[in-house]
1. Calculate how steeply helix 297-315 sits against the longest principal axis of the alpha-carbon atoms of the chain, using the helix alpha-carbon long axis, and give the answer as 0 to 90 degrees to the nearest 10.
2. In whole angstrom, note down how far apart the Cα centers of segment 306-375 and segment 132-207 are.
3. Please compute the length gained on full extension between residue 56 and residue 147, using 0.36 nm multiplied by the number of residues separating them and subtracting their Cα-Cα distance.
4. Quote the relative contact order of the chain in percent (integer), defining contacts as alpha-carbon pairs under 8 Å separated by 6+ residues.
5. What is the distance, in nm, between label points placed 7 Å from the Cα along the Cα-to-Cβ direction at residue 111 and at residue 394?
6. With everything on Cα atoms, drop me the angle between helix 115-142 and the longest principal axis of the chain, reported from 0 to 90° to the nearest 10.
7. Put a dot 7 Å past each Cα toward the Cβ at residue 237 and residue 213; how far apart are the dots in nm?
8. Compute the length gained on full extension between residue 204 and residue 33: take 0.36 nm times their separation in residues and subtract their Cα-Cα distance, giving the result in nm to one decimal.
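Bear in mind that the values in this text are calculations on the coordinates, not laboratory data. Bear in mind that the values here come from a model prediction, so they are computed numbers and not experimental data. Every residue, glycine as well, gets a Cβ built from its backbone with ideal geometry; the counts of neighbours run over all protein chains shown.
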């Protein structure tokens, strides 16, 4: 059940939709399959792009950070408005638009080696992600009842990180085969693969994605959109703050991780394997979703977040390549049980009619943090090396401690409502 608070609009109560007793498994399978394909392309590209910019485009660390920031700027500017747009016109057109933009922007990676152009390309990728992520998360909530929602998000995470496992694994032979045709072709083979699979996903979504009837009826109701400040209950504000402090680390990770390991003497195959080591445990996120539907979502979420943050603190303090892999696996397990709980908990305290808006605001906060992290990480890396990763982990721990009291109260209220 969903928590009612004084700030919730009275003409748009945050109550579950009547009549939904089982998850629409067919549509869940469609969303998961499309996510698997897109994340496979994304996973193939991500470990190689910073090295490509460094070694082939001769970009400075600062410029690599700006390229990474381009993605965050696109998502930061448009996640909230596109999330709200999905509340108005529907999830499907927004999701399909986002996947198409992502496919086109990734294809553009092969047209130049001028690093500055990659700022534009990554910005466009961020626009695509801004369309897909909030609308996709809201769609998953639309097709699942409260009692099964964590499981639905767990299956989505399993599909996404299944793609993230296969992507880097496929990138290794793609890079090797392409490299035989010339230096750049190793990277271009990976970029073209990412674009191609995203385009396939977009075509499949056009023909298979369907929104439930109750959502279409809800959109037709004459409900006045509440101002954003009216949606910002204490619980939702806490989620937004937590998103910022935890995702700052990803901005650091995207810019620094591959180059940091490369500086420690790791080959490209090892760097790709670190992504696989983190992602394999995420294949079992559907089990984490089952736990979250039965037990305390608050504790599952915060315990996983805390372990992940401590892993980040450790990464910046070691040069042991074996330990990197071990801690990658531990962190992956922690995220596998925490993310489904977090996403279902956020849905639980959000008004269903404006869920796209709320997830859009959360994603905006995430991308602002990633933007700041990707811009500051190069400067800090030049000064203190890998310790910049430890700093990002410490910031995440601060966010967990700061938001825990608010979200614990929200969970108790939600649990009491469910019991009643």
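1. Rounded to the nearest ten degrees, it is 20.
2. Answer, in whole Å: 18.
3. Result: 27.7 nm gained on full extension.
4. Relative CO of the chain lands at 30 percent.
5. Rounded to a tenth, the inter-label distance reads 4.4 nm.
6. In the chain, helix 115-142 runs at an angle near 30 degrees to the longest axis.
7. Each label point lies 7 Å from its Cα, and together they span 4.1 nm.
8. Details: separation 171, 0.36 × 171 = 61.56 nm, distance 0.94 nm.
Net length gain for the segment: 60.6 nm.
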